[in-house]
Amino acid sequence: MMALLCLGPSVVQAQERQGVKVEFLGTNNTMIRITGEGKYLMLPIQDNGEEATLNLLVDGKQEKNFTARLAKNKVDYMVPLDLSSYRGKHIILDVISNQSRATVREAQGDACWKNIAMSDTFDISNREKFRPAFHHTPDYGWMNDPNGMVYADSLWHLCYQWNPYGSKWANMTWGHATSRDLIHWERQEPTILPDGLGMIFSGSSAIDHHNSAGFGKDAIVTLYTSAAASQMQSLAYSTDGGNTFTKYPGNPVITMETEARDPNMFWDEAHQQWVMLLAHALEKEMLIYTSPDLKQWTLASRFGKGMGAQGGVWECPDLFELPVSGSTGNEKKWALVCNLNPGGPFGGSATQYFIGDFDGTTFKADTDTTGTIPTKWMDYGKDHYAAVSWSDAPNNRRTVIGWMSNWQYAAEVPTLQYRSANTLPREMGIFKDTDGQYYLSSTPSPELEALRGGLHHQSRRFSLGKSDNTISLPTHNDGICEILVDLEARKGQVLTLTLANKAGERVVLTYDSDKETLAFDRTQSGIVNFSQDFPAVTVAPTHRHNGKLSLRIFVDRSSIEVFEKEGRLAMTNLVFPNSPYTELSLKCSKGKAKISNLKVYSLNTKTK
């Protein structure tokens with residue numbers, strides 16, 4: 001239906017459909033009046049479209065401002081704008097578009113205006129072939145850094161950087177999911193929404209057991225970065241177990257002249273104080289603050305200037321103490337985690353760390369035999385970033401999770417309904433290697449063993465030669481599986497493990513016993529041409545020196561994560577095969593090597 005609204009000497013053209021009236025005010029300005037009932041205004045999105053600015057006014061007052069890539073000539077997917085809390089009120093959405101139009105009539109033809117409508121429901125059933133079966137993903141929209149992770153009342157709370165209005169970075173909000181087993185995640189309402197101080201960037205949460213902040217004993221307190229023209233640190237708290245949060249009226253609690261973000265805090269029992277790390281991003285250092293009450297913070301020290309990898313901005317810090325595996329005398333060391341982008345070992349973003357000692361105000365990193373502070377990596381794949389740990393985890397566990405992507409191509413991967421997953425949860429440890437250095441270990445969290453379904457294949461012991469020894473992989477479950485393999489090689493031998501499908505797409509793992517390395521080649525893994533940076537070979541030190549290497553390999557629909565049995569290496573890489581990998585082939589380049597044990601488990605899915 002077309003209507004003409006008389007507004008003085010000019011005429012505004014309008015369209016009415018399904019509870020909305022769309023008024024075309026100019027070539028770049030459109031107003032949407034809500035005229036019908038419904039919980040959601042469904043916004044049609046074109047993933048590669050121009051960003052429009054949308055202002056939501058309720059009874060004449062601005063409620064929120066956000067951006068969306070409204071569809072111009074095709075609709076890739078729909079996203080919901082929840083209007084349920086404004087029922088019975090006068091609602092207007094004022095849209096300012098960056099898409100240039102010669103005339104209003106031309107603007108009227110956009111696909112957005114032909115498809116926008118009110119609805120009581122929003123279909124979140126999965127429409128993506130590459131959505132992981134057993135990794136956390138948002139139901140829809142863009143996701144990056146994990147945030148505000150805390151264990152409270154038997155629930156693992158996982159918040160994350162989220163765009164509710166599209167599958168590319170924008171409108172940063174804290175999405176929220178909870179789990180009782182670190183495997184099955186239940187979506188919750190968003191935790192912290194943008195406000196007058198800006199978007200909500202990364203941060204951390206912890207339980208205030210001593211009521212030091214005055215919000216109540218065992219309140220969950222959150223620190224996060226408010227980001228607009230400047231970056232400031234703000235505070236929020238929850239007194240209902242993390243279901244809802246109240247923003248502290250005295251925000252922001254920290255302001256600076258320079259860019260700083262991603263506060264990560266913990267209670268320092270030894271010194272009866274709160275400690276916070278803040279990424280001084282462009283200065284490529286970490287600032288260490290202390291506080292008695294989470295509101296008043298004192299800068300205690302700085303760490304990292306000129307140390308470690310310096311190729312990109314420093315982000316998403318973490319600091320924790322762990323016992324040293326196998327040590328006598330209850331030896332402990334501290335690990336300072338520093339994510340950076342770019343500057344990773346294989347390009348783009350990655351997670352580095354430092355091992356050392358912390359005295360309550362200052363972190364001092366260990367040096368090698370030359371007096372240099374070495375650069376160490378938590379994961380040797382291309383798709384492991386923003387890794388941080390849960391606070392208040394049970395049994396003194398140090399459990400971490402990361403964002404499973406890379407800033408080089410995260411917005412271009414071949415999905416639309418959602419973008420990005422989290423890594424599998426991992427348990428951190430510290431071990432001392434033969435070079436005298438301390439390293440972080442990463443092992444899959446023990447809850448993941450519950451994923452195992454039937455034992456698809458088992459071989460006790462067999463020899464490897466130059467010919468492929470091939471076994472089938474599970475096919476009934478999109479190829480998802482866990483592979484456990486114990487390799488035995490002599491000096492100089494090179495062993496390869498190849499996962500392949502019938503189309504010839506493959507991932508090749510190469511163990512070089514002489515160099516003591518494991519390589520992961522995904523250059524022919526499937527769809528790789530969406531970015532020049534995606535085809536890659538990543539290489540990890542094994543930290544094993546006897547020619548033996550035991551691996552756990554987790555294969556999901558669009559990722560492969562490889563762990564050494566005791567966590568001495570971890571390697572996370574995305575893959576996008578056109579069809580699942582159906583075969584595992586093993587061989588040795590020269591001589592005879594051995595497989596002492598090989599198991600393949602099918603895994604129970606968690607398809608949304």
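The values are calculated or read from the model by the stated rules, or taken from the named source; none is laboratory data. As the structure is a computational prediction, the values presented were derived from the model and not from experiment. So basically every Cβ, Gly included, is an ideal-geometry build from the backbone, and we count neighbours across all protein chains shown. All accessible areas refer to the heavy atoms of the entire protein, side chains included, with ligands and DNA or RNA removed. Shrake-Rupley method; radii C 1.70, N 1.55, O 1.52, S 1.80 Å.
Here are a few things to note about the model shown:
- For the residues 294, 282, 287, 299, the requirement of being within 20 Å of residue 255 (Cα to Cα), open to solvent by 50 Å² or more (accessible area, probe 1.4 Å) and under 28 Å from the mean Cα position of the chain (by Cα) singles out 282.
- Residue 533 vs. criteria in contact with a Lys or Arg (Cβ under 6 Å, 6 or more places away or on another chain) and part of a loop (DSSP other than H, G, I, E, B): no
- Residues in region 487-519 that are in contact with a strand residue (DSSP E or B) (Cβ under 7 Å, 6 or more places away or on another chain), of a type in the set (A, V, I, L, M) and open to solvent by 30 Å² or more (accessible area, probe 1.4 Å): 2 in all.
- Within region 82-109, the set of residues being open to solvent by less than 20 Å² (accessible area, probe 1.4 Å) and either aliphatic (A, V, I, L, M) or in contact with a Leu (Cβ under 9 Å, 6 or more places away or on another chain) (or both) comprises 83, 91, 93, 95, 99, 107.
- A single member of 519, 540 is closer than 20 Å to residue 352 by Cα and under 22 Å from the mean Cα position of the chain (by Cα), and it is 540.
- Qualifying residue in region 479-487 (condition: farther than 22 Å from residue 424 by Cα and free of Cβ contacts under 8 Å to residues at least 24 places away in the same chain): no
- Neighbours by Cβ (under 9 Å, 6+ apart or cross-chain): first from region 438-450, without any contact (Cβ under 8 Å) to a residue 24 or more places away in the chain and within 15 Å of residue 564 (Cα to Cα); second open to solvent by 10 Å² or more (accessible area, probe 1.4 Å) and in a strand (DSSP E or B): 446/427
- Residue in region 112-125 that is surrounded by the most Cβ atoms within 10 Å (Cβ to Cβ), counting only those that are part of a loop (DSSP other than H, G, I, E, B) and among the hydroxyl-bearing types (Ser, Thr, Tyr): 121
- Checklist (1) among the small types (Gly, Ala, Ser); (2) open to solvent by less than 20 Å² (accessible area, probe 1.4 Å); (3) without any contact (Cβ under 8 Å) to a residue 60 or more places away in the chain; (4) within 30 Å of residue 450 (Cβ to Cβ) applied to residue 219, failing item: (4)
- Verdict on residue 539 being part of a strand (DSSP E or B), out of contact with any Asp or Glu (no Cβ under 7 Å at 6 or more places or on another chain) and surrounded by fewer than 21 Cβ atoms within 10 Å (Cβ to Cβ): yes
- Here residue 436 does not qualify as touching a strand residue (DSSP E or B) at 6+ places or on another chain (Cβ under 9 Å) and either of a type in the set (Gly, Ala, Ser) or not in a loop (DSSP other than H, G, I, E, B) (or both).
- For the condition of a type in the set (A, V, I, L, M, F, W, C), surrounded by 21 or more Cβ atoms within 10 Å (Cβ to Cβ), out of contact with any helix residue (DSSP H, G or I) (no Cβ under 7 Å at 6 or more places or on another chain) and on the phi < 0 side of the Ramachandran plot, residue 411 does not qualify.
- Total residues in region 475-484 satisfying the condition of being part of a loop (DSSP other than H, G, I, E, B) and modelled with pLDDT of 95 or more: the figure is 1.
- Inter-residue pairs, beta-carbon under 6 Å, first touching a residue at least 24 places away in the same chain (Cβ under 8 Å) and in region 90-114, second in a helix (DSSP H, G or I), 6+ apart: 101/107
- Near pairs, Cβ below 8 angstrom, 6+ apart or cross-chain, from region 70-88 (under 21 Å from residue 113 (Cβ atoms) and among the basic types (Lys, Arg)) to any residue that is at pLDDT 95 or above and in a loop (DSSP other than H, G, I, E, B): 72/46; 74/46
- Options 391, 441, 463, 405; residue that is open to solvent by less than 10 Å² (accessible area, probe 1.4 Å) and of a type in the set (Gly, Ala, Ser): 405
- Matching residues in region 126-147 - criterion: being assigned to a loop (DSSP other than H, G, I, E, B) and either among the small types (Gly, Ala, Ser) or within 16 Å of residue 183 (Cβ to Cβ) (or both): 131, 132, 133, 134, 135, 136, 137
- Just one of the listed residues (250, 306, 241, 311) is touching a Gly at 6+ places or on another chain (Cβ under 8 Å), open to solvent by 10 Å² or more (accessible area, probe 1.4 Å) and either over 30 Å from residue 438 (Cβ atoms) or among the small types (Gly, Ala, Ser) (or both), namely 311.
- In region 111-153, of all residues being modelled with pLDDT of 95 or more and of a type in the set (Phe, Trp, Tyr), the one that is nearest to the chain's Cα centre (by Cα) corresponds to 142.
- Residue tally, condition out of contact with any strand residue (DSSP E or B) (no Cβ under 8 Å at 6 or more places or on another chain) and of a type in the set (A, V, I, L, M, F, W, C), over region 71-127: 2
- Residue match in region 363-380 (condition: buried (at least 24 other Cβ atoms within 10 Å of the Cβ), under 30 Å from residue 76 (Cα atoms), in contact with a strand residue (DSSP E or B) (Cβ under 7 Å, 6 or more places away or on another chain) and modelled with pLDDT of 95 or more): no
- The sole residue among 487, 495 that is over 14 Å from residue 571 (Cα atoms), among the aliphatic types (A, V, I, L, M), in contact with a Gly (Cβ under 9 Å, 6 or more places away or on another chain) and assigned to a strand (DSSP E or B) is 487.
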